[in-house]
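These notes are about the structure you will find just below.
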Amino acid sequence: MKTRPKLYGIPNCATVKKARAWLDERGIEYDFHDYKKLGVDAARLDAWMKKVDWQQLVNRSGTTWRKLDEARKAAVTSATAARALMVEQPSVIKRPVVEAGGKLLVGFDPERYEEVFG
């Protein structure tokens, strides 16, 4: 049995809404994981960081990042520091993150989604 894709994000995020709409329009069933309600554990982040660079996962342009004090931002210089921040404040993770068939998609790119889900 094929594993359903899992989409991680926040329901009211515009980019997450675009990704969900894209999947829904194509009839692709997926499981949704709400960062705000459920968080993300360190083991999951470690698995993601084996597939993509930690810097790709930290959303440095989002509201959560901008609200951090400068010292906290400056301390995020390694995968370990980034993981600690992402566990503590999952809203700082770039959205959405999709696990699909052994691949990890970070952010929403229709062309990349087409390649994976085509």
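I'd like to know which of A74, V92, I28 lies farthest towards the positive end of the charge dipole of the chain, counting +1 on Cβ of Lys and Arg and -1 on Cβ of Asp and Glu.
A74
For helix 42-51, what angle does its Cα long axis make with the longest principal axis of the chain, in degrees from 0 to 90 and rounded to 10?
70
Please list, in chain and number order, the residues 5+ apart from H33 or on another chain whose amide H is under 5 Å from its amide H, with Hs placed from the backbone.
Amide H neighbours of H33, under 5 Å, 5+ apart: L7, Y8, G9.
If you take every DSSP beta bridge fully contained in the range 6-117, what fraction is antiparallel? Give it as a percent rounded to 5. Can you show the working numbers first?
Details: 8 of 12 bridges.
Around 65 percent of the beta bridges assigned by DSSP in the range 6-117 are antiparallel ones.
Across the range 6-117, what fraction of all alpha-carbon pairs, as a whole percent, falls in each successive 5 Å bin from zero upward?
Final binned percentages: 2, 12, 24, 24, 19, 12, 5, 2, 0.
Taking θ as phi - 60°, what are the ³J(HN,Hα) couplings along the range 68-79 by the Karplus curve (6.51, -1.76, 1.60), each to the nearest whole Hz, with x for Gly and Pro?
Ordered by residue, 3J(HN,Hα) equals 5, 6, 4, 5, 5, 4, 5, 6, 8, 10, 8, 4 Hz.
Bear in mind these aren't lab numbers, they're just calculated from the coordinates by the rules spelled out. Since the model is a prediction, treat every value here as computed from it, not as a measurement. For neighbour counting, all protein chains shown are included, and Cβ atoms are generated from backbone atoms with ideal geometry for every residue, glycine included.
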